[in-house]
Structures are given as structure tokens and as C-alpha cells.
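No value in this document is a laboratory result; all are computed from the given coordinates. Only a predicted model underlies this, so the values are computations on that prediction, with no experimental measurement involved. All Cβ positions, glycine included, derive from the backbone under ideal geometry; neighbour counts span all protein chains shown.
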Amino acid sequence: MKQGDKAGLIIGVLVIALGLGGAVLYQRSQSADGLPARPERPALQELTLLAGAGEWEQRGFTKYSDANRTAKFTARERVYWALGGRWQLTETLYDAEGGVDHELSIKTFNNATGAYQYVLCTDNGNVVGFHGRWMELDKAFGWEPVFPTTNSPPMSVQVREIIPQPDRRRVHSQYRSFATVLKDVSVDATRRGEGSAASPLPAGKPAAAEWAVLGQAGTWGERQTLKDSRGATSQMRVRGRARWVCNGRSLLFEGVVVEAGDGARNVPILWVKTFDKAAGVYRYAYFWENGQVDHYHGRWDPAAKTLTWRSVRLDAGEQMTCEFEETLSQPNIKRWKYKMREHGKVIVEGTGESRLQDEP
């Protein structure tokens, strides 16, 4: 990996052109806020195997082994492609026995490993990462969890997603503790309409003060300065839109590099941040254009008005770690600084400032 590439692995507001293994197709049209329009199709051939974008309906049930009971549910889904067509996003609203739940899922393809990536964010602050493989004979994806990894309690989840055609999807998930099946979840989903990729999506509001510290919905402009271990510096500008999803419990950011020292432009950016109130920890997942996914945990210091993030899984490898701080220095302005290490040695550090340009 080149030194410049390592700089690109730092945080969700920092992107370096990576010399990717696949070309990305950008829409030339722009949305009302000056950003590239959300694409109507994926950028890579591998991503065409995913279910089609549009409006979907689900019907399913959960079978609990211990209670010998079955709970039925329905759901509505909005499936669309993020800036650059490199990630497929699905926002889901579940209705189960009078209660509702929200989920956000993001799927992509990792150029380096040849595996599909799937990150699920729930409205209670859980973030789960899966790796997947396509089984052509079965017209199905097999998904296995890779994040978080824990041995206590020993839990395994197997997800099989069958896509016989672009407008139909069947999903079966089984949850086990050792050899004991805890529950089975079966879903039958049908695509009901095209939807509009270009139509504005709701900006939303944070669910409570604990989530509000993650940021604000609206259009943001950012300036970033990087310095590597040799003392060489570079600068870039980023523009993007943030909005609340999962009923105000996750902040989603879509943006692009508008100017960089190496001439890179229109490199897409995608990240999501959330808060697990039960565990008292903030969670952050950043998605790279080449299909890598990085995970962080964060802590909020109310006195310093600072969120401190530390990496818990970087796709660049276990030898890489990153930590950074975001400080709400004043309303609508966020300043941050970071350090990235390889085998404990600082290889890149930098500072940045984000300003809210337009509220929703």
C-alpha cells in the first residue's frame, strides 16, 4: 500500500484517491444542493446481483424455539444507490404486533477480497458487519457476521438471501447459541415500484440529546489538512449532505471530494454514526469507494464538547489503528484532529473544520 493510500484510511470525512480496481461511473447532473445526483444504477457489474432499487414490501415471521411461538411482521423498504453508485442503501420500517422498528442496511463489494460487504444499523444502536458470497447456482447470497467478534456469549448467525429475480427477494436468518437454535426469521419481499432516486429524502431530527452530538442534518463544507511521517502536507475540500435515519438514531452522510491537492475530484464519501444507549457507546462505520468498511467506537465528553473515536476494526489490517477527536467548538462548526498509526508508529496526522452551509 502506498503512503498516500494509508492517509485515505483515516476517518469518514477524509478521502484520498486510491487507484481502485474498478472504475466508478458518476452522474453528470447535479441535485439542488450542488452535489452529484444520486445514481439510478450501480457502478460495478458485481453490484447488479443485488436486489433492484425502488419501493419494497415485506411479509415475514419470527419463530422462537424456547417459547414455541411465532410472531408475524410486515415492513416497507426504500432501496436506493448512494452517490457514485458504489453502495446500495436500504431503509426499512418494520411493523410487528403493534410495535415498529427501523433499520438501515448498506451493501457493497470489496475489490481487494472479492467479498460482498453488508452493514446493518438498528434503531437501538447496534451495528453488525457481514461478509457475503454469491452462489450462482442458488441465485443467493450467503452472509456471515464478521463484526463485532466476541466469544461471550457464543452466538452465530447465518443469513441466506435468495434473489431469483430483481423484484423478488427471500431471506432466511437463523440464530444459534452453540448447537441450540434460538430463533428463525423468514422474509418474503416484493418490489412494488420504482421510487425516485432524485427525489429529496427526509432530513429528520435526532431522537434525543444523546444523538444530537453526532452532528446536524443539512449540507456541510469541510476543509482538511494532512501531514505524513515525512512532513509532507496536502489539503482538500469536501461537500456533502447529512440526514437522520432510523427514526433519528443514526446520522447518514453522503458527500464528494470537490478539490484535492493531487487533483482528485468527485470521489464519493459515505459514513453512518449512531449511539447505543444501553451500552453507552457511540458507533461509526465508514465505507470506502473500493468496498472496504471501517468501524469505530466513540465516547462523548460533555465538558469538552468532544467526541473521541478509536478504531475497532479497519479493513486495511490489524497493524493499522486510528483515533480522532471531533469538537463542537461553536454552533454549526465542528473541528477535528486525528492520528493514524501502523504498528504503533504515527504515519499520518491532520486537522479539519466542518461548517454547516445550508440547513434542511
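Name the most mobile residue of Ala67, Ala207, Ala285, meaning the one with the largest mean-square fluctuation, in a Gaussian network model of the chain with Cα contacts below 10 Å.
Its mean-square fluctuation being the largest, the pick is Ala67.
Which of the following values of Rg and Dmax of the Cα atoms in Å was calculated from the structure shown: (i) 20.7, 70; (ii) 25.8, 82; (iii) 20.1, 64?
This structure yields the entry labelled (iii).
Magnitude of the Cβ-charge dipole of segment 45-193, K/R +1 and D/E -1, about the Cα centre, nearest 20 debye? If you can, show how the numbers build up before the last one.
Working: 18 positive and 18 negative charges, 51 e Å.
The dipole of segment 45-193 has a size of about 240 debye.
Pull out the extension gain between Arg223 and Gln165, defined as 0.36 nm times the separation in residues minus the alpha carbon to alpha carbon distance; nm, one decimal. Display every interim value, and only then the final one.
Working: separation 58, 0.36 × 58 = 20.88 nm, distance 4.38 nm.
Additional length available on full extension: 16.5 nm.
Which GluC sites (Glu not before Pro) in segment 84-146 sit in a loop by DSSP (not H, G, I, E or B) and have at most 13 other Cβ atoms within 10 Å of their own Cβ?
On the way: sites: Glu91, Glu97, Glu103, Glu136; in loops: Glu97, Glu136.
Listed in order of number, the matching sites are Glu97, Glu136.
Ignoring the sites themselves, what is the longest stretch of the chain with no trypsin sites (Lys or Arg not before Pro) in a DSSP loop and at most 15 other beta-carbon atoms within 10 Å?
Values: sites that count: Lys2, Arg28, Lys139, Arg230, Arg265, Lys277, Lys305.
With trypsin sites (Lys or Arg not before Pro) excluded where exposed in loops, the chain gives 29-138 as its longest stretch.
Give the separation of the Cα centroids, segment 51-104 to segment 287-313, in Å.
26 Å
As a test of the formula, what do you get for the chain when each DSSP H run with n ≥ 4 contributes -39,500 (n - 2.57) and the sum is divided by the residue count, at 222 nm and rounded to the nearest 500 deg cm²/dmol?
Value at 222 nm, helices only: -500 deg cm²/dmol.
Would you mind working out the magnitude of the charge dipole of segment 196-313 relative to its Cα centre, with +1 at each Lys and Arg C-beta and -1 at each Asp and Glu C-beta, to the nearest 20 Debye?
Numbers: 17 positive and 10 negative charges, 47 e Å.
Here the size comes out at about 220 debye.
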